[in-house]
Amino acid sequence: MKKKYKLKSSVYYFIGIIIILIIGINFGIKKYQEYQYQKTNEYKLTSMGYTLEQAQTLMNTLTDDDISYILTLRFDEQILNLLKEKYFIKDKFKEYYDYYKENKKKELKDIVAIINTKTNNEYYSLDLNTDMDKGYAILVNKYYKLDSSYEPDDLISVKMDYSWGEYGSVKVRQIVMDKFLDMWNAAHEDGIYLMISSAYRSYSEQTTVYENYKKDYGENYANKIAALPGYSEHQTGLSIDIFSKTNSNRNTFSESVAAQWLVDNAYKYGFILRYPSDKVNLTGYQFESWHYRYVGEDIAEYIHNNDITFEEYYAYFLDK
Ligand SMILES: [Zn+2]
């Protein structure tokens with residue numbers, strides 16, 4: 001009887017110990033998990049004021065590096081709005097935010113556009129080389145330059161029916177000629193006679209143009225009206241200055257029927273109005289109602305329908 005009781009009590013004792021152990025281990029695990037969770041970005045972001053959903057959006061979109069950067073800042077809902085911008089590029093997050101900090105009055109849409117087009121940098125300050133692998137979609141502007149020796153290998157002379165100057169003085173790449181003729185015919189059916197006044201310009205010709213302006217008007221003004229050699233899109237052979245037979249005046253062409261026809265139709269043939277009046281700050285060029293650039297039908301259509309510059313398109317879709 002006594003022995004039996006003794007056995008029973010030691011079993012209870014043993015079970016008791018097990019229960020205490022289980023509770024203790026559970027408690028320990030929970031504490032450890034809590035401690036581990038506090039080290040996560042999710043915990044740190046929600047402690048800053050972001051909702052769980054917002055924290056997850058940030059973590060799913062941005063790199064650990066960017067999250068570490070956000071953790072050094074104060075809670076800012078604009079960060080989440082930035083991520084929602086149509087042309088937001090992940091890799092540029094820090095650049096956007098740093099620029100935003102200095103320019104809080106600007107709209108986020110504009111901040112994204114400025115950073116994407118690199119126009120927060122001074123003109124000619126980046127010295128980037130044009131990526132020639134982009135084919136007809138190469139980018140040449142005040143940041144991207146062509147090699148001084150670059151000359152397209154398929155240049156052809158534009159017939160006098162379609163260009164001013166002397167025969168042979170206006171040259172374009174083959175594709176530009178083909179597409180221009182399609183466009184010329186369509187315009188002609190609408191009673192418009194298109195004429196090319198200037199197209200391919202070699203590096204040395206651009207040097208002459210620029211140096212002459214510099215001599216006559218000084219460097220500041222020369223920079224405003226002419227590109228530095230290597231930085232002119234005319235060296236690509238893909239750019240054409242188009243006027244009509246009845247109007248070749250730079251000051252009034254924009255108001256002509258032909259100019260409006262080009263705005264409405266050029267994209268169908270792969271050409272874009274390269275320097276629109278409302279995008280001067282993004283292209284770095286004053287409005288040029290005559291300057292068209294061949295980029296191909298698909299790109300031209302997108303740019304036309306979405307009202308963006310080639311720079312913005314390039315940054316978002318091609319610069320990879
Ligand atoms: Zn031009």
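Would you call Leu139 of a type in the set (A, V, I, L, M, F, W, C) and more than 13 Å from the chain's Cα centre (by Cα)?
No; evaluated as a whole, the condition is false for this residue.
Please tell me if Tyr69 is surrounded by 12 or more Cβ atoms within 10 Å (Cβ to Cβ) and part of a loop (DSSP other than H, G, I, E, B).
For Tyr69, the condition - surrounded by 12 or more Cβ atoms within 10 Å (Cβ to Cβ) and part of a loop (DSSP other than H, G, I, E, B) - is not met.
Answer yes or no as to whether Ala266 is touching a residue at least 40 places away in the same chain (Cβ under 8 Å), of a type in the set (Gly, Ala, Ser), in the same structural domain as Tyr143 (by TED's automatic domain parsing) and farther than 22 Å from Leu228 by Cβ.
yes
Scan the stretch 12-41 and report the pairs whose first residue is under 30 Å from Leu71 (Cα atoms) and whose second residue is in a helix (DSSP H, G or I) and of a type in the set (Phe, Trp, Tyr), with Cβ atoms within less than 8 Å and a gap of 6+ or a chain change.
Tyr37/Tyr43
Of all residues being part of a helix (DSSP H, G or I) and touching a residue at least 60 places away in the same chain (Cβ under 8 Å) in the stretch 226-261, which is nearest to the ligand (Cβ to nearest atom)? Just the residue, please.
Glu233
Is it fair to say Ser254 is surrounded by fewer than 21 Cβ atoms within 10 Å (Cβ to Cβ), in the same structural domain as Phe180 (by TED's automatic domain parsing) and over 30 Å from Glu95 (Cβ atoms)?
yes
Out of the residues in the stretch 143-196 that are closer than 30 Å to Tyr123 by Cα, crowded, with 17+ Cβ neighbours inside 10 Å and of a type in the set (D, E, K, R), state the one that is farthest from the chain's Cα centre (by Cα).
Here the answer is Lys171.
Does Gly165 qualify as being among the small types (Gly, Ala, Ser), at pLDDT 95 or above and over 15 Å from Glu233 (Cα atoms)?
Here the answer is no, as Gly165 does not meet what is asked.
May I ask you to list the residues in the stretch 290-307 that are part of a loop (DSSP other than H, G, I, E, B) and surrounded by fewer than 23 Cβ atoms within 10 Å (Cβ to Cβ)?
Gly296, Asp307
Before we move on, is Thr207 assigned by TED's automatic domain parsing to the domain that holds Lys145, β-branched (Val, Ile, Thr) and farther than 20 Å from Asp154 by Cα?
Considered against the rule, which asks whether it is assigned by TED's automatic domain parsing to the domain that holds Lys145, β-branched (Val, Ile, Thr) and farther than 20 Å from Asp154 by Cα, Thr207 comes out as yes.
Pick from Asp110, Asp133: which is of a type outside the set (A, V, I, L, M, F, W, C) and more than 13 Å from the chain's Cα centre (by Cα)?
Within the list Asp110, Asp133, the selection yields Asp133.
Is it the case that the stretch 122-144 has a residue that's charged (D, E, K, R), over 16 Å from Ser202 (Cα atoms) and not in a loop (DSSP other than H, G, I, E, B)?
Yes, that holds for at least one residue.
If you scan the stretch 150-172, which residues turn out to be out of contact with any Leu (no Cβ under 6 Å at 6 or more places or on another chain) and of a type in the set (Lys, Arg)?
Across the stretch 150-172, the qualifying residue is only Lys159.
Can you pull out the residues in the stretch 271-289 that are more than 13 Å from the ligand (Cβ to nearest atom) and part of a helix (DSSP H, G or I)?
If the condition is that a residue be more than 13 Å from the ligand (Cβ to nearest atom) and part of a helix (DSSP H, G or I), then Ser277, Asp278, Lys279, Val280, Asn281, Leu282 are the ones that fit.
The values are calculated or read from the model by the stated rules, or taken from the named source; none is laboratory data. In this text, all values refer to a predicted model and were calculated from it rather than measured experimentally. Note that we place each Cβ from the backbone using ideal geometry, even for glycine, and neighbour counts take in every protein chain shown.
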